[in-house]
Amino acid sequence: VIQMGQPEHSKITTCAYCGVGCSFKAEMQGDKIVRMVPYKDGKANEGHSCVKGRFAYGYATHKDRITKPMIRAKITDPWREVSWEEAIGHAASEFRRVEAQYGRESLGAITSSRCTNEEVFLVQKLVRAAFRNNNVDTCARVCHSPTGYGLKTTLGTSAGTQDFKSVEKADVILVIGANPTDGHPVFASRMKKRLRAGAKLIVADPRRIDIVKSPHIKAEHHLQLKPGTNVALVNALAHVVVTEGLIDEAYVRERCDLADFEIWARFIAQEVNSPEASAEFTGVPADEVRAAARLYATGGNGAIFYGLGVTEHSQGSTTVMAMANLAMATGNIGREGVGINPLRGQNNVQGACDMGSFPHELTGYRHVSDEGTRQIFETLWGVSLDMEPGLRIPNMLDEAVGGTFKGLYIQGEDIAQSDPNTQHVTAGLAAMECVVIQDIFLNETAKYAHVFLPGSSFLEKDGTFTNAERRINRVRKVMEPLSGKAEWQVTIDLARALGYEMPYSHPAEIMDEIALLTPSFAGVSYATLDKLGSVQWPCNDKAPFGTPLMHVDHFVRGKGRFMLTEFVPTEERTGARFPLILTTGRILSQYNVGAQTRRTANSTWHDEDVLEIHPFDAENRGIKSGDLVALASRSGDISLKAEVSERMQPGVVYTTFHHAETGANVITTDYSDWATNCPEYKVTAVEVRRTNYY
Ligand code: SF4
């Protein structure tokens, strides 16, 4: 409920939508919010905001909020409201029953990028210390896990290289697989300001996104590639750099592993990587690629910004490494105005990854097999830890159907709507015997749950989020949890019921433990954050005020590592039955599966998902804007309205995934990134035809 009027008091907190991490002053009357005012001293937003952060917070007090714990014996039974004590006791005894029947590896958890660092840290700690395995994964699995893999492999750490401010020094901006105007609007404004001041723009995207041509901005090159061919395109850019002598030789000699570089340079110079050869796959004219490569390599500071259009592919990790190769070869890492910058989707996707919620890594990206690291945790936590990596989300679902994975604790994540191939996800959930959901709404996944533990919105939390530039921002509680219990307390109670004590009385103490265990967070505390406003990790003795730019004198891994990035076409193929490629994305006013934004006035700006289709493909099928169409793939079919649009290229269609009624992920495929299992959401072979039925 949004009540307007004069504020009586206020608190500074952080937006819970995208990875820009804008700071807001929450103005209150008593315990009611009057308005969210963009905070002028917020370092990520400098007083700016978008329609989500500014207006879309009413979901926090929406009538659909579930505020009482609930349990049921079977997923076909009605929910029964119970006390916190009974719900947590039931969840714990069911987890222990499953463990006794199927073994220690039968349990696991999924953490959420919507939650705070402290909440995520506790869930992975519960898995490792109370479940005694490493079966913890995070929703970053389905978005930016290739960023983690690709940047760590080439540069040494799983994070973007710059701060947002750095874009003000960029001369050439390469946007690849990202739609900043819709996805990261406040950062997009900063980027556009720089472009209006004269920086050059290259956009690589299958769709003509707004930034390609907007007031006073026109991309020098729009490389309108076919979905699934990023690696071919980035390799072609690098081919031009290598074969036309545009390498920054001094930088490569000083900063990079020369043996790897020489092998890579020979590989990339091969004809198969030329713009002419790659055009066969990408559809981008070779001349355009050559001109773009020359501009990026010789135009001054070259900065790369990318998003899920890079990562959500079968070669997502390969593309991230290909971009790192390109940036290193041209000397574009390690100073202001350059770098490789993942535009993170969710508010705390960086933090959820930092907090050790991957099945192979403890906090700060240290492998579970590293004995020295494990010992530090074991000493503090008083348990012995498993040294074998655990299951990823898709493996959990596979093992649920065909094996013995039977108990799952899901923190703030609606995998039945957001993960690919919905049928596979729901089959996995239905095969489990104890699914415990911690969330604020009864979402699609809750249909398969046995225990529902009410969660809290960001307005009810104390904690921290880490944004796309590694900036740790404070989240401050402005109202009491509607359920009467903060999420971190719920996890502690569940751990206690499982027989493991976690002794904290405030999230600040959880952060103190994170700092104790994690070298890149060693200098982080709530006192530091209150004093500095926010801080970018690494923050420790060497960098007490944080680190805006990474890899300045040397790469985190020492020498930069060039990786061979062979282009391998996706196995998802078009053909006579499914001749078009579907790719997906977000729109400004809505957010992911819409659980929050659709429960606010923002829903009036985009109340359904529509299918964008090129006039050529539309005419061939007798489709006009507004027609209802059936969209079918090898996985399933859905129906939605068509919008004929020249944003699309012939052969490619596009939709958003904000509405459960449309269910875009009913038709996405099972293919995923070879290194991380990040799903290939961005390429699905489909056919479209007019229909009369939803
Ligand atoms: Fe929130 Fe992102 Fe909008 Fe900022 S740009 S207000 S973080 S949704």
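When the strands (runs of 3 or more DSSP E) confined to region 611-694 are screened for residues that are at pLDDT 90 or above and of a type in the set (Lys, Arg), those reaching at least 2 such residues are found at 684-690. In region 352-397, the qualifying residues are those that are assigned to a loop (DSSP other than H, G, I, E, B) and aliphatic (A, V, I, L, M), and the one that is nearest to Val123 (Cα to Cα) is Met355. Any residue in region 78-87 that is within 14 Å of the ligand (Cβ to nearest atom), farther than 30 Å from Tyr500 by Cα and surrounded by fewer than 16 Cβ atoms within 10 Å (Cβ to Cβ)? Among the residues of region 78-87, not one is within 14 Å of the ligand (Cβ to nearest atom), farther than 30 Å from Tyr500 by Cα and surrounded by fewer than 16 Cβ atoms within 10 Å (Cβ to Cβ), which makes the answer no.
Any residue in region 97-110 that is at pLDDT below 90 and either in contact with a helix residue (DSSP H, G or I) (Cβ under 6 Å, 6 or more places away or on another chain) or more than 16 Å from the ligand (Cβ to nearest atom) (or both)?
Going through region 97-110, the residues at pLDDT below 90 turn out to be none.
Scanning region 97-110 turns up no residue that is at pLDDT below 90 and either in contact with a helix residue (DSSP H, G or I) (Cβ under 6 Å, 6 or more places away or on another chain) or more than 16 Å from the ligand (Cβ to nearest atom) (or both).
Residues of region 417-458 that are touching a helix residue (DSSP H, G or I) at 6+ places or on another chain (Cβ under 7 Å), under 22 Å from Phe131 (Cβ atoms), among the small types (Gly, Ala, Ser) and surrounded by 24 or more Cβ atoms within 10 Å (Cβ to Cβ): Gly428, Gly455. Contact map, region 152-167: first residue assigned to a loop (DSSP other than H, G, I, E, B), second residue of a type in the set (Val, Ile, Thr), Cβ cut-off under 6 Å, separation 6 or more or different chains; pairs are Gly156/Val556; Thr157/Val556; Thr161/Ile333; Thr161/Ile340.
Scanning region 132-151 for any residue that is closer than 30 Å to Leu564 by Cβ, more than 15 Å from the ligand (Cβ to nearest atom) and surrounded by fewer than 24 Cβ atoms within 10 Å (Cβ to Cβ) turns up at least one such residue. When Asn235 is tested against (1) closer than 30 Å to Leu564 by Cα; (2) in a loop (DSSP other than H, G, I, E, B), just one condition goes unmet, and that condition is (2). When Asp182 is tested against the conditions (1) within 16 Å of the ligand (Cβ to nearest atom); (2) among the acidic types (Asp, Glu); (3) surrounded by 22 or more Cβ atoms within 10 Å (Cβ to Cβ); (4) over 27 Å from Phe555 (Cα atoms), the lone failure is (3). Screening the candidates Val284, Val310, Val338 for the property of being of a type outside the set (Gly, Ala, Ser), over 26 Å from Glu572 (Cβ atoms) and crowded, with 20+ Cβ neighbours inside 10 Å yields one hit, Val338. Annotation note: of Asp414, Asp386, the sole residue that is within 30 Å of Ala188 (Cα to Cα) and either among the acidic types (Asp, Glu) or touching a helix residue (DSSP H, G or I) at 6+ places or on another chain (Cβ under 9 Å) (or both) is Asp414.
Considering only residues that are at pLDDT 90 or above and either out of contact with any strand residue (DSSP E or B) (no Cβ under 7 Å at 6 or more places or on another chain) or within 14 Å of the ligand (Cβ to nearest atom) (or both), which ones fall in region 20-34? First the steps, then the outcome.
We begin by selecting, within region 20-34, every residue at pLDDT 90 or above; these are 20-27.
Once the filter is applied, which keeps residues that are at pLDDT 90 or above and either out of contact with any strand residue (DSSP E or B) (no Cβ under 7 Å at 6 or more places or on another chain) or within 14 Å of the ligand (Cβ to nearest atom) (or both), region 20-34 yields Val20, Gly21, Cys22, Ser23, Phe24, Lys25, Ala26.
One residue is enough: does region 561-571 have a residue meeting the conditions within 30 Å of Leu326 (Cα to Cα), touching a Phe, Trp or Tyr at 6+ places or on another chain (Cβ under 9 Å), buried (at least 23 other Cβ atoms within 10 Å of the Cβ) and of a type in the set (A, V, I, L, M)? Checked region 561-571: no residue is within 30 Å of Leu326 (Cα to Cα), touching a Phe, Trp or Tyr at 6+ places or on another chain (Cβ under 9 Å), buried (at least 23 other Cβ atoms within 10 Å of the Cβ) and of a type in the set (A, V, I, L, M). Restricting the first member to region 33-48 and to residues that are in contact (Cβ under 8 Å) with a residue 24 or more places away in the chain and assigned to a loop (DSSP other than H, G, I, E, B), and the second to residues that are hydroxyl-bearing (Ser, Thr, Tyr) and more than 11 Å from the ligand (Cβ to nearest atom), the beta-carbon pairs closer than 8 Å and six or more apart or on different chains are Gly42/Ser534; Lys43/Ser534; Ala44/Ser534. When region 36-76 is limited to residues that are away from the ligand (no atom under 16 Å from the Cβ) and basic (Lys, Arg), the one that is surrounded by the most Cβ atoms within 10 Å (Cβ to Cβ) turns out to be Arg65.
Please tell me if Ala16 is of a type in the set (Gly, Ala, Ser), within 16 Å of the ligand (Cβ to nearest atom), under 30 Å from the mean Cα position of the chain (by Cα) and over 30 Å from Gly546 (Cα atoms). No, not satisfied. Taking every residue in region 337-351 that is in a strand (DSSP E or B) and pairing it with any residue that is more than 10 Å from the ligand (Cβ to nearest atom) and polar (S, T, N, Q), at least 6 positions away or on another chain, the pairs with Cβ-Cβ distances below 7 Å are Ile340/Thr161; Asn341/Thr161; Asn341/Gln162; Pro342/Thr147; Gln346/Ser113.
It is to be established whether one or more residues within region 522-531 are in contact with a helix residue (DSSP H, G or I) (Cβ under 8 Å, 6 or more places away or on another chain) and surrounded by 22 or more Cβ atoms within 10 Å (Cβ to Cβ). So far as region 522-531 goes, yes, one or more of its residues are in contact with a helix residue (DSSP H, G or I) (Cβ under 8 Å, 6 or more places away or on another chain) and surrounded by 22 or more Cβ atoms within 10 Å (Cβ to Cβ). The one condition from (1) part of a helix (DSSP H, G or I); (2) in contact with a helix residue (DSSP H, G or I) (Cβ under 8 Å, 6 or more places away or on another chain); (3) among the polar types (S, T, N, Q) that Gln489 does not meet is (2).
The values are calculated or read from the model by the stated rules, or taken from the named source; none is laboratory data. What you see is a predicted model; the values in this text were computed from it and never measured. FYI the Cβ positions are ideal-geometry reconstructions off the backbone, even for glycines, and counts take in every protein chain you see.
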